[in-house]
Amino acid sequence: MITSKLREAILCLRPGRVTLKYPFEPHDPEGDFRGYPELDADKCIGCGGCATVCPARAIMIQDIDQNTRRIVRFLERCIYCGRCADVCPEDAITMTKRFELSTDQGREDMVAECEVFMATCQRCGQCYKPPSALDKIMEPGFRDDKLKRGGDDSPYEPI
Amino acid sequence: MNAQQLGDSVKQQFGDKVVELSALGPNQLCLTITPDSLVSVAEYLNKDLGCRFVINSGTDRRRQRGKFLITHFFAHDEEKIYITLHTEVGEDQPEVDSITPSVPAANWSERETRDMVGVVPVGHPDPRRLVVADDWPEDVFPLRWDVPHDLKPPPAEGVAMPLLDPPEGASVVPIGPYFPVLEEPEYFRVFVEGEEVVGADYRGFYNHRGIEKLGSSALTYNQVPFIAERICGICGFVHSCSYCQAVERAAGIEVPPRGEYIRTIMLELERIHSHLLWLGIAGHIIGFDTILMQVWRMREPLMWLCERISGNRKTYGMNLVGGVRRDIEPEIHDDVRRVLTDIERQWQELYNAIPGDTTLMARLQGTGILPTEVARARGAVGPTARGSGLPIDVRVDHPYAAYDRLDVKKRVYDGCDNLARTLVRLDETLDSINIIRQALREMPEGEIMAQIDEEIPAGQQAVGSVEAPRGEVFHWVLTGPENRPERWRVRAPTYANLQSVPPMLQGDALADVPIDIGSIDPCFACTDRMEVVDVSSGQVRVYTQDELLNKKY
Ligand code: SF4
Ligand code: SF4
């Protein structure tokens, strides 16, 4: 009994103090951490690939008029899997190391929108970004996603 | 014996009761039998051939065949075969004979299938509902295809689960739904006479997330792994891995060898951190918090290592159908070895200290007895089974990933008590360290993800299983037409092990109950397929039956 308690005591004493001073001292994640996915609107061609693969349905593509496609990301739903960054043909999405994302500004603070200017295809009537990005569109693009913010027929909790 | 031969022997026994017989490779057998022969075939598999009952599943195939498909899964561990036993019942009379009277391990899953698909197991000894909320409408069965995945029936007042009555003269001690050492919501009604436990009843599934439904209605093949990973709050990788293996087998996709080694390494890293976590919690439950603090300190560098490899300390997000998304680069190998060596040294120190510690031993030794036969009958898996002398380990019995090329030992103890289950985990942690070292040495170069050019064909089915830290994780996938499974069935190890807890409690002192429950390393998140919820603290008080019924507390 005594020896076993001594052994346990040594086990405790040897490492010394290990607690980090976080959050008073920053503790940055290492390596290819998957944090906040940042979208560079200048690079985005609005192909919708990210919305198609997102397992959390955090990304919604809306065509607001003939020439404008809006990419809305509900980041409170995001599970930081990085699939959107994987499939983006333009590398418009990068997984950053940011993980301190709590907010006191309400859920709206977790919604990120960007608008991409698109041209309309003469044949099919769908949007694409000029000059000729059509060939880069690997995925069918549109997700008929009912993800609405509120609204009576929304299958989800109003966001 | 391979799957085909096993199938032939069943066919010989039952003749034209076997409607269809097919083997997927040497290790998976698929039988379709007539409904009237279900009980006898199940009994033959379970009793005569010694097959372990795994789970049961119901699939609504009214659109395709006008019928419900009821499937019982068995495992023949010695012969390394999974048996899928289908039977079809018409929609006009959605009833099937219950196999629970002869195969007791089927108890919960038959009730679950009734709740979810609405096929009644006739002759079931405990016909109470199991998984749906108390106020869920009687006539809505969530897994039927025509029930939308986001249906929200209105809440009802004044409904409650019919609870079992305690034996004459016994008092009831409720543990849960919120209880400080159990971390997740579940409710044990422990029946006591004085200090001694004489029986127990269980109510769980408080937070059913409907993940299986999502997988077959809203997600696509490659979205499911990320949701599967979130089935468990500790060992999620096992679920995504198991799911991907099922799809890969069904579609005939071959994972490149390097991908298999990476899966193996991640699985073993996960086992180490999960066993460390468990040991800490076990110490905490017993009231020995030094162990909690020290073991979790040891665990932390491993979590950071996983973060470096995968991008996150816990949810690795590495699995996709066909392989893994990230390589384990050679630069990081030395760091992996260094972290493992550190853990090994400290683990050894701890291992040497524990057996001499009389306080610890008094709580572990001779408590929570789960006799071998009971463990077998209740379908226990993982350390719970191996601590009761059952030599089953998926890594050896049904090898997957790279385990067929690595040295894996089955750690079996026949103490049948809490100590035996503890020792199994202590040994396995050291084994895992060695497995990772070997895998790092022998890992071949090459691709980590298979190229998938063709669509996954519909109507294929396969089983995927993984030895999770808590036991066998079992996934079954029936592929569907819209780039998603038609049916995805999940059985987490705690689902099997929890059914062994009530017999474990019998005859123990009340003070042993938390560690008894804790000794199976319960993961209610997996069992309920719900979110891990932090609990507010609660206290155990003894209530009389009357107080309980009148809610005077
Ligand atoms: S990181 Fe994953 S969950 Fe988040 S937006 Fe991208 S794909 Fe969706
Ligand atoms: S995948 Fe990339 S280019 Fe396509 S819509 Fe998303 S961010 Fe834009």
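The values are calculated or read from the model by the stated rules, or taken from the named source; none is laboratory data. Being a predicted model, the structure only gives us computed values, none of them experimental. Reconstructed Cβ throughout: ideal geometry from the backbone, glycine too, with neighbour counts over all protein chains shown.
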Considering only the range A:29-79, give the strands (runs of 3 or more DSSP E) lying wholly within it that have at least 2 residues that are surrounded by fewer than 16 Cβ atoms within 10 Å (Cβ to Cβ). A:59-65, A:68-74
The range A:2-34, residues that are touching a Gly at 6+ places or on another chain (Cβ under 6 Å) and either of a type in the set (Lys, Arg) or more than 7 Å from every other protein chain (Cβ to nearest Cβ) (or both): A:ARG34
Subset of the range A:48-68 [among the β-branched types (Val, Ile, Thr) and within 8 Å of ligand 1 (Cβ to nearest atom)]: A:VAL53, A:ILE59
I need every pair where a residue in the range B:44-61 that is more than 16 Å from B:SER216 (Cβ to Cβ) has its Cβ under 7 Å from the Cβ of a residue that is charged (D, E, K, R) and surrounded by fewer than 24 Cβ atoms within 10 Å (Cβ to Cβ), sequence separation at least 6 or different chains. B:ARG52/B:ASP77
Might you let me know whether the range A:10-23 holds any residue that is on the phi < 0 side of the Ramachandran plot and within 27 Å of the chain's Cα centre (by Cα)? yes
When residues of the range B:81-130 are filtered for being of a type in the set (S, T, N, Q) and more than 25 Å from B:ALA250 (Cα to Cα), how many remain? 5
If only one of B:ILE262, B:ILE253, B:ILE227, B:ILE231 is surrounded by 19 or more Cβ atoms within 10 Å (Cβ to Cβ) and either among the aromatic types (Phe, Trp, Tyr) or assigned to a loop (DSSP other than H, G, I, E, B) (or both), which one is it? B:ILE231
Within the range B:326-361, the count of residues that are within 30 Å of B:GLU445 (Cβ to Cβ) and outside any helix (DSSP H, G or I) comes to 4
Any hit, the range A:46-63, residues being within 10 Å of another protein chain (Cβ to nearest Cβ), touching a Pro at 6+ places or on another chain (Cβ under 7 Å) and either more than 30 Å from B:HIS333 (Cβ to Cβ) or within 16 Å of ligand 2 (Cβ to nearest atom) (or both): no
Name the one entry in B:VAL54, B:VAL39 that is surrounded by fewer than 21 Cβ atoms within 10 Å (Cβ to Cβ) and either β-branched (Val, Ile, Thr) or not assigned by TED's automatic domain parsing to the domain that holds B:LYS17 (or both). B:VAL39
Out of B:ALA401, B:ALA380, B:ALA375, report the one residue that is surrounded by 18 or more Cβ atoms within 10 Å (Cβ to Cβ) and either polar (S, T, N, Q) or in a helix (DSSP H, G or I) (or both). B:ALA375
Would you mind finding the one in B:TYR82, B:TYR44 that is assigned to a strand (DSSP E or B) and not assigned by TED's automatic domain parsing to the domain that holds B:TRP488? B:TYR82
